[in-house]
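Heads up: the structure comes next, in C-alpha cells.
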Amino acid sequence: MNIKKTIFEGEGVTLDFKKTITSCEKIARTMVSFANNKGGRLLIGVADDGTIKGVKSEDEERYMITKAAQMYSKPALEPIFEEIYVDDKLVLVVEIEESNTKPHYSLAEDGKWWVYVRVKDKSVLASKIVVDVLKRSTNDKGVLIEYSSKEKALLEYLEKMQRISIKEYCDLLKLSRRNAQRILVNMVLSGVIRIHTTEKEEYYTAA
C-alpha cells in the first residue's frame with residue numbers, strides 16, 4: 001500500500017483519516033459504516049487535511065479500536081491492523097472488510113443502537129429502507145417481483161421525472177409509508193431501482 005498516494009487521494013467512501021481516537025462511539029460508527037458498505041480503511045495518525053502527525057501511543061489506539069469493534073458494534077467487527085512508518089512517523093492502518101452479516105449497528109452516546117452507512121466521506125444514519133435492504137441482501141432467497149400497478153406507476157414516474165422520494169411515492173399512489181417502504185425495498189433488492197443517500201435526503205432512480 002502506497003500510503004502517501006492513498007492520503008493524497010483523500011477521504012472517501014472507503015477511506016477515513018483520524019488524527020487520534022477520542023471516542024469509542026465515534027470510531028464504531030465509522031467502522032460499522034465501512035462494514036455495511038464495501039469495507040474501508042482508517043488511517044490513524046493522519047489529520048483531516050492529510051498531514052501525517054503519527055500515532056503517539058499505538059497500544060492505546062489499538063485498545064480503543066478493538067474495544068469499539070467488540071463492545072460498541074453488533075455484530076462485533078474484526079479489524080485488521082497494519083503499522084506503516086512514514087518519514088519516521090507511525091501510521092496505524094485499520095482495515096474493516098465488507099461484512100456478510102449486515103447490518104451492523106453501533107452504540108450511540110444515548111445508549112441506543114443505530115445502523116450507519118458510508119456516504120462519500122461521512123458516516124450517515126441509515127434510513128429504515130436502507131436497513132431493510134441490508135438485512136435482506138445477505139440472505140440468498142432472491143426477490144421475485146410481481147409487477148402490480150404500484151410498481152408500474154413508480155417506473156413510469158421515474159421515466160418522466162428521473163427521481164422520486166418516498167414522500168412523493170406515497171403521495172403519488174396514496175400509499176401508507178409502510179407499504180411504500182416494502183415496495184421500494186423489494187425493487188432495490190431486485191436491481192430495478194437504485195437508492196441514493198445524501199446527508200440531506202434520500203431518493204430513488206431507475207437502475
(message) So, restricting to strands (runs of 3 or more DSSP E) that lie completely within the stretch 103-150, which ones have at least 1 residues that are modelled with pLDDT of 90 or more and β-branched (Val, Ile, Thr)?
(response) 113-119, 122-125
(request) Collect the residues in the stretch 1-44 that are of a type in the set (Val, Ile, Thr) and either touching a His at 6+ places or on another chain (Cβ under 9 Å) or part of a loop (DSSP other than H, G, I, E, B) (or both), keeping them in residue-number order. (result) 13, 14, 20, 21, 22, 32
(request) Determine which single condition residue 130 fails, assuming it passes every other condition in (1) open to solvent by less than 60 Å² (accessible area, probe 1.4 Å); (2) over 19 Å from the mean Cα position of the chain (by Cα). (result) (2)
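Inspect all residues belonging to the stretch 92-99 and state whether any of them is assigned to a strand (DSSP E or B), open to solvent by 30 Å² or more (accessible area, probe 1.4 Å), touching a strand residue (DSSP E or B) at 6+ places or on another chain (Cβ under 8 Å) and modelled with pLDDT of 95 or more. Reasoning before the result, please.
Filtering the stretch 92-99 for residues assigned to a strand (DSSP E or B) gives 92-96.
Among the residues that remain, those that are also open to solvent by 30 Å² or more (accessible area, probe 1.4 Å) are: 95.
Subset that is touching a strand residue (DSSP E or B) at 6+ places or on another chain (Cβ under 8 Å): 95.
Going one step further and asking which of them are modelled with pLDDT of 95 or more, we end up with 95.
Among the residues of the stretch 92-99, at least one is assigned to a strand (DSSP E or B), open to solvent by 30 Å² or more (accessible area, probe 1.4 Å), touching a strand residue (DSSP E or B) at 6+ places or on another chain (Cβ under 8 Å) and modelled with pLDDT of 95 or more, which makes the answer yes.
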(message) Can you confirm whether residue 178 is open to solvent by 40 Å² or more (accessible area, probe 1.4 Å) and under 19 Å from residue 131 (Cβ atoms)?
(response) yes
(request) Can you tell me which residue among 25, 11 is touching a strand residue (DSSP E or B) at 6+ places or on another chain (Cβ under 6 Å) and modelled with pLDDT of 95 or more? (result) 11
(message) Could you check the stretch 42-74 and list, in sequence order, the residues that are in contact with a Leu (Cβ under 6 Å, 6 or more places away or on another chain), open to solvent by 10 Å² or more (accessible area, probe 1.4 Å) and under 27 Å from residue 112 (Cβ atoms)?
(response) 61, 72
(message) I'd like the full set of residues that are more than 17 Å from residue 97 (Cβ to Cβ) and open to solvent by 60 Å² or more (accessible area, probe 1.4 Å), limited to the stretch 4-28.
(response) 4, 5, 8, 9, 19, 20, 22, 26
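Assess whether residue 162 counts as being on the phi > 0 side of the Ramachandran plot and touching a residue at least 24 places away in the same chain (Cβ under 8 Å). Explain how you work it out, then say what you get.
Working: on the phi > 0 side of the Ramachandran plot: yes; touching a residue at least 24 places away in the same chain (Cβ under 8 Å): yes.
Yes.
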(request) List every residue pair whose Cβ atoms lie under 8 Å apart, where the two residues are 6 or more positions apart in sequence or sit on different chains, the first residue falls within the stretch 111-136 and is at positive phi, and the second residue, located anywhere, is part of a loop (DSSP other than H, G, I, E, B). (result) 120/13
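The values are calculated or read from the model by the stated rules, or taken from the named source; none is laboratory data. Note that the structure is predicted; figures quoted are calculated from it, not measured. Note: ideal-geometry Cβ built from the backbone for every residue, glycine included; neighbour counts use all protein chains shown. When the accessible area is computed, the model is the full protein with side chains, heavy atoms only, and any ligands, DNA or RNA have been set aside. Shrake-Rupley method; radii C 1.70, N 1.55, O 1.52, S 1.80 Å.
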